[in-house]
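Chemist: I'd like to ask you about the structure that follows.
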Amino acid sequence: MDGLMTAVVKQYPKEGADIVKKEIPKIGPDEVLIKVKATSICGTDVHIYVWNEWAKSRIKPPKTMGHEFVGEVVEIGENVTSVKVGDLVSAETHIVCGKCRACRTGNAHICENTLILGVDTDGAFAEYIKVPESNVWINDKNMPLEILSIQEPLGNAVHTVFSGDIVGKSVAVIGCGPIGMMAIPLLKRTGAAAIFAIEPADYRRELAHKLGATRVINPLREDVVSIIKSETEGYGADVVLDFSGNPTAIRQGLEYIAKGGRMSILGLPDNEVSIDITNNVVFKGITIQGITGRRMYDTWYTVKGLLKSGLAEDLKPIITHTFPLTEYQKGMELMIKGQCGKVVLYP
């Protein structure tokens, strides 16, 4: 397909981004061209927008931003057989090699040679995006577009939550940004005994309460460790899920986690985090897990089933703002200030 499209591009190594006109991507024999119907803003996009230390070390401008989306297939490469023009699709955003040890042992989500849409390749904040056939996920056309556009981050929440037992457990959710928020209805729907939501932003604490958190805690004004210990008969939380990457919050989590508990960490600290391994890890006999993306493609099938089971309705309050793609800055500012849930953009 020839012509120009509108895209949000990180053109220069500094704060901000620009609306530009650029060529519609040309696809190869194993690729699919997708007309973007809706795309949502991720915390990673915010990192790139504000140009933090991680972005400086990873992003090579110019690069079209964005990686969470839903769209319609408008063109397929000559070797493509599993996708057809007209399909409503999303995409696994980790482009993997399929040849390294991780890929060949069922762990493609930690592929040695991973490229990420909107980070290492041009992304979805555009009217069109090209994706390898192997990354395309065919959607249910009866599902709302805004829900389909957030399946990738929902997959992060699903991977984090279900990396261990949940039923009947007391669970602490650290950080109620969009992915942390998604964890709350997941936990509620699957039988967690108690859900502690730890979040400094007033707007997001209120939303966490609305989504079903048992107790919402402001870590800037309340003693998180004492509260969780007192509400779990002194044992602490069985499961701690970190979506914040905040060093203090992670250290506190290791203080109030129960002996034999599980901590799963999706959040990305900007710098090294010092922890008391002797007392809070070894003597407690806990498990600490790092969570990267989604298991390919187990997590996607789980997400599909959960959405069909009614989770799609549970997630609707998380989508708090929608804007035209050209007003992406409004969404970025809301994300930076913590004054939103999930922000969806429409090209």
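The values are calculated or read from the model by the stated rules, or taken from the named source; none is laboratory data. A quick note: this is a predicted structure, and the numbers were derived from the prediction, not measured. A quick note on method: Cβ atoms are made from the backbone with ideal geometry, for glycine too, and the neighbour counts reach across all protein chains shown. What goes into the accessible areas is simple: the full protein's heavy atoms, side chains included, and nothing from ligands, DNA or RNA. Shrake-Rupley method; radii C 1.70, N 1.55, O 1.52, S 1.80 Å.
Chemist: With a 1.4 Å probe and all protein chains left in place, how much accessible area per residue does region 1-91 have, in Å²?
Modeler: 44 Å²
Chemist: A further question follows. Only residues of region 293-317 count here: report those whose backbone N is under 11 Å from the spot 7 Å along Cα→Cβ of residue 190, or say none.
Modeler: Residues 299, 302-303, 306 qualify, since their backbone N sits under 11 Å from the label point.
Chemist: Another question, then. Taking all pairs of distinct Cα atoms, average 1/r, flip it, and tell me the Kirkwood hydrodynamic radius of region 166-265 in Å to one decimal place.
Modeler: Answer for region 166-265: a Kirkwood hydrodynamic radius of 12.9 Å.
Chemist: Let me ask something additional. Which of the peptides 274-281, 211-218 is most tightly packed, and how do the rest follow, going by the mean number of other Cβ atoms within 10 Å of each residue?
Modeler: Ranked from most to least packed, the peptides come out as 211-218, 274-281.
Chemist: Counting each pair of different Cα atoms once, what's the Kirkwood radius of region 4-116 in Å, rounded to one decimal?
Modeler: 15.9 Å
Chemist: Continuing with this model, one more query. For residue 74, put the label point 7 Å out on the Cα→Cβ axis and report which residues of region 15-49 keep their amide N under 14 Å from it.
Modeler: Answer for region 15-49: 22-27, 32-38.
Chemist: With labels modelled as points extended 7 Å from the Cα through the Cβ direction, what inter-label distance (nm, one decimal) is found for residue 278 paired with residue 20?
Modeler: Simple spin-label model gives 5.4 nm for this pair.
Chemist: Let me have the 222 nm mean residue ellipticity of the chain computed from DSSP H runs of 4+ only, each contributing -39500 (n - 2.57), with the sum over all residues rounded to the nearest 500.
Modeler: -7500 deg cm²/dmol
Chemist: Debye sum, Cα scatterers, region 198-347, no solvent: what log₁₀ I/I(0) at q = 0.08, 0.10, 0.11, 0.20 1/Å?
Modeler: Each listed q maps to, in turn, -0.29, -0.46, -0.55, -1.40.
Chemist: Test of understanding: what is the full-extension gain from residue 107 to residue 142, defined as 0.36 nm times their sequence separation minus their Cα-Cα distance?
Modeler: 9.5 nm
Chemist: Would you mind computing, in nm to one decimal, how far apart the modelled labels at residue 226 and residue 339 are, each placed 7 Å from Cα along Cα→Cβ?
Modeler: That separation, rounded to one decimal, is 3.3 nm.
Chemist: Still on this structure: For the chain, I need the span (max minus min coordinate) of the C-alpha atoms along each principal axis, in Å, sorted largest to smallest.
Modeler: Principal extents (Cα only, largest first): 64, 39, 38 Å.
Chemist: Something else: For region 62-118, compute the orientation-averaged projected area of the C-alpha convex hull (one quarter of its surface), in nm².
Modeler: Average projection, Cα convex hull of region 62-118: 5.2 nm².
Chemist: What length, rounded to one decimal in nm, is gained on full extension from residue 346 through to residue 99, with 0.36 nm per residue of separation minus their alpha-carbon distance?
Modeler: 85.3 nm
Chemist: Per residue and in Å³, how big is the convex hull formed by the alpha-carbon atoms of region 276-347?
Modeler: Hull volume normalised by residue count: 186 Å³.
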